[in-house]
Amino acid sequence: MQSTVLVITLVLMIAVALPFVKAVRSAGADGAPGNAEPRRNKLIWALVAAGVVITVASLREWPHAIAAGDDVVQVNATGGQWYWEIDTPEIPVGRTVVFNLHTKDVNHGFGVVNSSGRLLFQTQAMPGYVNKVQYVFDEPGDYRVLCLEFCGVAHHDMIDEFTVVAN
Ligand SMILES: [Cu+2]
């Protein structure tokens with residue numbers, strides 16, 4: 001599925017780029033090129049090359065692989081109007097944790113914040129899907145789960161907690 005999306009994206013990017021390539025080539029053929037023309041063409045091609053390199057470099061690792069195995073802590077979390085159900089109240093520090101997100105009704109945003117209120121990560125809980133997000137907690141303590149997707153009248157009260165404990 002992801003490779004299909006990648007191929008479609010690349011084909012569409014080429015389709016968008018082709019008119020620009022044609023415009024660059026026809027501008028050089030029709031008009032009387034001034035002194036700036038070759039430099040401008042070099043600049044455009046340098047920008048195109050930079051765009052390709054940056055795109056490939058920045059998208060190559062997406063989507064991130066989700067860890068698996070016996071050493072990974074699996075936590076199931078389910079959202080509903082307006083509560084969270086988290087099946088693991090105590091999570092070990094320093095271990096890879098995979099959160100499997102479900103919802104019983106509408107979209108919810110599963111956002112985890114530390115005791116300072118800093119958002120550590122978030123993902124959507126969507127009807128009919130199990131969305132996964134992984135994280136390694138570096139410090140023991142109390143963490144809160146906030147809903148980050150408006151889901152109704154008591155959305156603001158959709159808060160839960162879990163504890164990260166030392167091994
Ligand atoms: Cu909400």
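The values are calculated or read from the model by the stated rules, or taken from the named source; none is laboratory data. This one's a predicted model, so the numbers in the text were calculated from it and none came from an experiment. A quick note on method: Cβ atoms are made from the backbone with ideal geometry, for glycine too, and the neighbour counts reach across all protein chains shown.
The condition (being outside the structural domain of MET158 (by TED's automatic domain parsing), at negative phi and in a loop (DSSP other than H, G, I, E, B)) is satisfied by just one residue among ALA17, ALA68, ALA50, ALA23: ALA68. Restrict the check to region 50-58 and report whether at least one residue is at pLDDT below 85 and surrounded by 13 or more Cβ atoms within 10 Å (Cβ to Cβ). Scanning region 50-58 turns up no residue that is at pLDDT below 85 and surrounded by 13 or more Cβ atoms within 10 Å (Cβ to Cβ). Looking only at region 82-127, residues that are more than 19 Å from the chain's Cα centre (by Cα) and assigned to a loop (DSSP other than H, G, I, E, B) come to 14 in all. Taking (1) within 14 Å of TRP84 (Cβ to Cβ); (2) not in a helix (DSSP H, G or I) in turn, HIS156 satisfies each apart from (2). The residues of region 91-123 that are of a type in the set (S, T, N, Q) and either in contact (Cβ under 8 Å) with a residue 40 or more places away in the chain or outside the structural domain of ASP142 (by TED's automatic domain parsing) (or both), listed by number, are THR96, ASN107.
Tell me, please, whether a residue that is within 17 Å of the chain's Cα centre (by Cα), closer than 25 Å to HIS155 by Cβ, free of Cβ contacts under 8 Å to residues at least 60 places away in the same chain and surrounded by fewer than 16 Cβ atoms within 10 Å (Cβ to Cβ) can be found in region 61-70. Among the residues of region 61-70, not one is within 17 Å of the chain's Cα centre (by Cα), closer than 25 Å to HIS155 by Cβ, free of Cβ contacts under 8 Å to residues at least 60 places away in the same chain and surrounded by fewer than 16 Cβ atoms within 10 Å (Cβ to Cβ), which makes the answer no. The set of residues in region 116-131 that are within 16 Å of the ligand (Cβ to nearest atom) and either of a type in the set (Lys, Arg) or surrounded by 13 or more Cβ atoms within 10 Å (Cβ to Cβ) (or both) comprises GLN122, THR123, GLN124, ALA125, MET126, ASN131. The residues in region 55-86 that are more than 16 Å from the ligand (Cβ to nearest atom) and not polar (S, T, N, Q) can be counted, and the count is 18.
Any residue in region 100-111 that is within 16 Å of the ligand (Cβ to nearest atom), closer than 20 Å to ASP70 by Cα and not polar (S, T, N, Q)? Yes: one or more hits.
Report, by residue number, each residue of region 132-160 that is acidic (Asp, Glu), within 16 Å of the ligand (Cβ to nearest atom) and within 17 Å of VAL75 (Cα to Cα).
First, the residues of region 132-160 that are acidic (Asp, Glu): 138-139, 142, 149, 157, 160.
From the residues that got through so far, the ones that are within 16 Å of the ligand (Cβ to nearest atom) too are 149, 157, 160.
Result: ASP160, single match.
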